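Peer 1: Encoded as structure tokens, here's the structure I'll be asking about.
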Amino acid sequence: MDGNGRWARERGLPRTEGHREGALAVQRICAACGEQGVDFLTLFAFSSENWSRPQTEVKALMALLEEFLVGQREELMQRNIRLRAIGRIADLPASCQEQLAQSIELTRHNSGLTLVLALSYGGREEIVDATRRLMQKAASGQCSPAELNNALFAQHLDTADLPDPDLLIRSSGELRLSNFLLWQLSYTEFYISPVLWPDFEESHLREAIAAYSQRQRRFGAVPEG
Ligand code: IPE
Ligand code: MG
């Protein structure tokens, strides 16, 4: 979800106002995904690297996250949305962790859209954490190096029970992955939108899905026919 800062700067507003407007886009796009029958939506809300932003901005983002978690509970329930999180959740302020855990627990039996928030998330960090878990298991004799394969590795990632994404939408025209889901995006289709995240509307989502539906996915094999 990139472009909040630029959106604010274009209007002579503080960056935090861009984040606030970005949170409204989150509500819009979650509702639209639910209505369009999307099963999983993962939002890159806060990266491992975002901790290096000015403390005031980090604080504002954490406050906004907490406000979103509390304020959107009813909406999540009404829309049958199940909330999940990936990333180093233990890095978040205690109050955020608490509200996050409450929302996850409350929505765990919902059967519509699964909304995954990537928080204090980095793809490399996730791979390192998975490797650490595997090494610990190997050290205690619960698994052996010979057993290791893609499936076993994937089971130790934060996304163990989530499917790999079909489509990655990058807003604000940036052409980089920025440490997002490095393992999981191996065969994901990319869609780059020039639209700044706070301006992202349901129509943009529809355009992205329409573009995706034109792609021919071969997963490294020879095309059919
Ligand atoms: C949102 O956009 C990303 C978050 C960390 C929430 P940015 O804050 O990166 O916006 P730009 O790139 O400065 O426009
Ligand atoms: Mg940015």
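Taken together, the values in this text are just the output of simple stated rules run on the coordinates, not laboratory data. Since this is a predicted model, take the numbers as computed values, not measurements. Cβ coordinates were reconstructed from backbone atoms using ideal geometry, including for glycine residues, and neighbour counts include every protein chain displayed.
Peer 1: Return H19, H109 ranked ascending by Cβ neighbour count within 10 Å, so the fewest neighbours appear first. If you can, show how the numbers build up before the last one.
Peer 2: Details: H19 23, H109 8.
With the fewest neighbours first, H19, H109 line up as H109, H19.
Peer 1: To continue, here is another question. For W51, W197, which order do you get if you count the other beta carbons within 10 Å of each Cβ and list the fewest first?
Peer 2: W51, W197
Peer 1: Based on the alpha carbons, how large is the Rg to Rh ratio for region 4-209 when Rh follows Kirkwood?
Peer 2: 0.97
Peer 1: Which Rg and Dmax, in Å, describe the Cα atoms of region 157-225?
Peer 2: Every Cα atom of region 157-225 included, Rg and Dmax give 13.6, 42 Å.
Peer 1: Taking R0 as 41 Å, what FRET efficiency do you get between E67 and D164 from their Cβ-Cβ distance, rounded to the nearest 0.05? All intermediate terms of the calculation are to be shown ahead of the outcome.
Peer 2: On the way: r = 31 Å, r/R0 = 0.76.
That pair, E67 with D164, gives E of 0.85.
Peer 1: In region 53-125, what trypsin sites (Lys or Arg not before Pro) fall in a loop by DSSP, with at most 16 other Cβ atoms inside 10 Å?
Peer 2: Those satisfying the criteria are R88, R108.
Peer 1: With the contact rule set at Cα under 8 Å and sequence spacing of 6 or more, what percent relative contact order holds for region 4-209?
Peer 2: Here the relative contact order equals 25 percent.
Peer 1: Between D129 and H109, what FRET efficiency follows from the Cβ-Cβ distance if R0 is 22 Å, with the result rounded to 0.05?
Peer 2: Plugging the Cβ-Cβ distance into 1/(1 + (r/R0)^6) gives 0.20.
Peer 1: While we're here: What do you get for chymotrypsin sites (Phe, Trp or Tyr not before Pro) in region 120-206 restricted to DSSP loop and a cutoff of at most 14 other Cβ within 10 Å of the site's Cβ?
Peer 2: Taking region 120-206 and a limit of 14 other Cβ atoms within 10 Å, the loop chymotrypsin sites (Phe, Trp or Tyr not before Pro) found are Y187.
Peer 1: So what is the 222 nm mean residue ellipticity for the chain from helices alone, if each DSSP H run of at least 4 adds -39500 (n - 2.57) and you divide by all residues, rounding to the nearest 500 deg cm²/dmol?
Peer 2: Details: 8 runs with 99 residues, N = 225.
Calculated from helices alone, the mean residue ellipticity at 222 nm is -14000 deg cm²/dmol.
Peer 1: Mind sorting V195, V70 by how few other Cβ atoms lie within 10 Å of their own Cβ, fewest first?
Peer 2: By the 10 Å Cβ count, ascending: V70, V195.
Peer 1: If I require 15 Å or longer along the helix axis, counting alpha carbons, and a Kyte-Doolittle average no lower than 0.5, what helices from the chain are left? Use full DSSP H segments. Don't skip to the end; give the middle numbers.
Peer 2: On the way: long enough: 15-35 (30 Å, -0.38); 55-71 (23 Å, 0.76); 94-107 (20 Å, -0.11); 123-139 (24 Å, -0.75); 202-213 (16 Å, -0.33).
Length and hydropathy pass: 55-71.
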